[in-house]
Amino acid sequence: MTLDQGLAFGLIGVTVLLFIWGRLPYDLVALLSLVAGVALGLVPASKAFDGFADDVVIIVASALVISAAVSRSGVVESAMRPLLPYLRTPRRQVPALAGAVMGLSVFTKNIGALAIFMPVALQLGRKTGTPASLLLMPMSFASLIGGLVTLVGTSTNIIVSKVRADITGQPFGMFDFTPVGLGLAVAGLAFLTVGYRLLPRDRRPAGSLAASFRIEAYTTEACLPEDSPLVGATVGELEALGDGDVTVATVIRERFRRFVPGPDWRLAAGDVLLLDGEPEDLERLVARAKLTLVGTLPAGGEATVIEAVIPDGSALVGTTAAGADLAGRHGTTLLAVSRSGAAITRRIGSVRLRAGDVVVLRAAPERLGDMLSEFGLLPLAERKLALGHSRRSYIPIAVLAGAMALIALHVVPVAMAFFGAAVLLLVLRVLTMHEAYETIEWPVIVLLGALIPVSDAVRTTGGTDLIAGALSNVMHTVPPMLAIGLLLIAAMAVTPFLNNAATVLVMGPIGASLAQKLGLNPDPFLMAVSVGAACDFLTPIGHQCNTLVMGPGGYRFGDYARLGLPLSIMVIVVGTLLISLFWPVAPR
């Protein structure tokens, strides 16, 4: 081992220990590791920031934007809505969500499948009180395992197929991976169904301060237009669209007539409804029932929605939104009011505001600061609110499906397909630029961009060749089945430092060469490399799916090993047995 190799392994080791220690933010640890790599001469200064342009960074950032757009569309949520009443506990939620992601990953890119179902998991967790940390990591791991079933399920299968073509002249077929992959998928889903209990329940997403306090239900105002499917329906039917989380508190008819409706009250076109509920639930009901929210922006209008408290001494105390001319002077719309559980029966614009009221306001970003300052409002910890700027449609699903089709047909690379899809969603105004920037988990992006050059130092210093050489020496002395297992373990261990595609390119030829030297069939060794490279369950950096869930799940570096280590052991044991069963080592 050379000095540079020793330094590279030492730097990676110290970085991992700092991650496990958990006292420093993980993005700061990554930055410190990058600086140390440059200082030690392991990372050339001219290439120190190349990681921020790496395909993985682009894929993760784009996938977060696409996932937010899919969440806003509500399409997947609507498709799964008949099942949601049965998914009230983690015991049912984990297998259902992990199974759905796993099934979709069989024929589509695993990160795309995960992006589709992540919003459903987050909403389901919020409604049922299930921490996101119990749902997202099992879904990520399920997406990785599901990709093993077919040639197009994961890039590692495609690359190992090309390696086989170079060696034997014949690539793997579409379903050559199925016997091993399907067996691992069944075993993996069975494990995740019970193994999720190993995950911590107390993890919260970064920046979730708003979730640490409880705000009583808001009251908002919406109009029932003539084209709404709820014209002529009952109040009970309308409330059912909100899954019981929204209440119709008051119906205002013919401008001045107020009614407190019962469940059998019939709704008429033009009715003004005062709705009580959480902002997310209100937005969902407004979208499903095709209601018109108070002060709806015209198409293309860009605005920020925030929550704020009206303190004593504010100029809004004792006046109304109309009296303060919020809309005229500041371009601000009062969307909803929460008054410590007290009922609000007047139209939102004519509610006389009090000290202590919590309000939801929408304004252009450049005008928001002046408005808050003039009225002395205290903005609450920021949380993403869809109320007031919902853009529900099938466009995000169609754009994502188009990107996945381009990937499957090998028209464009994965990074370009996801990046192009994200840009197209912004052009189509499905999300605003402000919303897109808010969606991206920037600490995760920093983590990836900083660590990619550091992990690459293991390869550039010859560290991976050192590992491969030692592995080759050991494999000559062990039985073939054990050699397959060791190769699978080596590929799994190297993946966090190379990424899965590079692991196949490095380890695939080593495995095939070893098989040829031993006079054995190279296929089981190539299968072992593909399985090991696709199954990094121990870190958030070995695969972009694991990185994607890190921020929303509030995970720490060490959390991945809680569930990932026993799952890795299961994959090693079951995978080795299945490969040996379906791909005999005896030469053909």
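The values are calculated or read from the model by the stated rules, or taken from the named source; none is laboratory data. Here the structure is a predicted model, which means the values were calculated and not measured. Positions of Cβ are backbone-derived with ideal geometry, glycine not excepted, and every protein chain shown enters the neighbour counts. Only protein heavy atoms, including side chains, enter the accessible area calculation; ligands, DNA and RNA are left aside. Shrake-Rupley method; radii C 1.70, N 1.55, O 1.52, S 1.80 Å.
Here is a check on your reading of the model: is VAL57 more than 30 Å from GLY129 (Cβ to Cβ) and assigned to a helix (DSSP H, G or I)? For VAL57, the condition - more than 30 Å from GLY129 (Cβ to Cβ) and assigned to a helix (DSSP H, G or I) - is met.
Quickly run through segment 150-160 and pick out the residues that are touching a residue at least 40 places away in the same chain (Cβ under 8 Å) and open to solvent by 10 Å² or more (accessible area, probe 1.4 Å). Break it down into steps so the answer makes sense when it comes.
From segment 150-160, those touching a residue at least 40 places away in the same chain (Cβ under 8 Å) are 150, 152-157, 159-160; that's our starting set.
Those that are touching a residue at least 40 places away in the same chain (Cβ under 8 Å) and open to solvent by 10 Å² or more (accessible area, probe 1.4 Å): VAL152, SER155, ILE159.
For segment 110-147, the set of residues classified as open to solvent by 10 Å² or more (accessible area, probe 1.4 Å), in contact (Cβ under 8 Å) with a residue 24 or more places away in the chain and over 24 Å from SER73 (Cβ atoms) consists of PRO131 only. If you check LEU372, LEU378, LEU368, LEU353 for being open to solvent by 30 Å² or more (accessible area, probe 1.4 Å), farther than 18 Å from PRO279 by Cα and in contact with a Leu (Cβ under 9 Å, 6 or more places away or on another chain), only one passes: LEU378.
Note on segment 62-90: among residues that are within 22 Å of GLY188 (Cα to Cα) and free of Cβ contacts under 8 Å to residues at least 60 places away in the same chain, the one that is surrounded by the fewest Cβ atoms within 10 Å (Cβ to Cβ) is THR89.
Inside segment 400-513, counting only helices (runs of 4 or more DSSP H) that do not spill past its ends, which hold 2 or more residues that are under 24 Å from the mean Cα position of the chain (by Cα), modelled with pLDDT of 85 or more and surrounded by fewer than 18 Cβ atoms within 10 Å (Cβ to Cβ)? Don't jump to the end; show me each part of the working.
On the way: elements: 414-427, 433-439, 442-460, 463-475, 480-498.
Because the criterion is at least 2 residues that are under 24 Å from the mean Cα position of the chain (by Cα), modelled with pLDDT of 85 or more and surrounded by fewer than 18 Cβ atoms within 10 Å (Cβ to Cβ), the helices (runs of 4 or more DSSP H) in segment 400-513 that meet it are 414-427, 433-439.
In segment 211-270, counting only strands (runs of 3 or more DSSP E) that sit wholly within it, the ones holding 2 or more residues that are surrounded by 15 or more Cβ atoms within 10 Å (Cβ to Cβ) span 218-223, 247-253.
Looking only at segment 318-330, decide whether some residue is part of a helix (DSSP H, G or I), on the phi < 0 side of the Ramachandran plot, at pLDDT 90 or above and not charged (D, E, K, R). I'd like the intermediate steps shown before the answer.
Filtering segment 318-330 for residues part of a helix (DSSP H, G or I) gives 326-330.
Right, trim to on the phi < 0 side of the Ramachandran plot and you get 326-330.
Now drop any that are not at pLDDT 90 or above, which leaves none.
The answer is no, given that none of the residues of segment 318-330 is part of a helix (DSSP H, G or I), on the phi < 0 side of the Ramachandran plot, at pLDDT 90 or above and not charged (D, E, K, R).
Taking residues in segment 2-18 that are more than 18 Å from GLY469 (Cα to Cα) and part of a helix (DSSP H, G or I), and partners anywhere that are among the hydrophobic types (A, V, I, L, M, F, W, C) and open to solvent by 70 Å² or more (accessible area, probe 1.4 Å), the pairs with Cβ atoms closer than 7 Å and at least 6 places apart or on different chains are LEU7/LEU40; LEU11/LEU40. Within segment 356-378, count every residue that is part of a loop (DSSP other than H, G, I, E, B) and touching a strand residue (DSSP E or B) at 6+ places or on another chain (Cβ under 9 Å). Total meeting the criteria: 4.
Do we have any residue at all in segment 292-306 that's farther than 22 Å from GLU438 by Cα, outside any strand (DSSP E or B) and modelled with pLDDT of 85 or more? Scanning segment 292-306 turns up no residue that is farther than 22 Å from GLU438 by Cα, outside any strand (DSSP E or B) and modelled with pLDDT of 85 or more. Scanning segment 271-291 for residues that are open to solvent by 10 Å² or more (accessible area, probe 1.4 Å), modelled with pLDDT under 85 and in a loop (DSSP other than H, G, I, E, B) yields GLU278, LYS290.
Answer yes if at least one residue in segment 517-538 is modelled with pLDDT under 85, open to solvent by 10 Å² or more (accessible area, probe 1.4 Å) and either within 21 Å of MET570 (Cα to Cα) or among the β-branched types (Val, Ile, Thr) (or both), and no otherwise. No; the residues of segment 517-538 include none that is modelled with pLDDT under 85, open to solvent by 10 Å² or more (accessible area, probe 1.4 Å) and either within 21 Å of MET570 (Cα to Cα) or among the β-branched types (Val, Ile, Thr) (or both).
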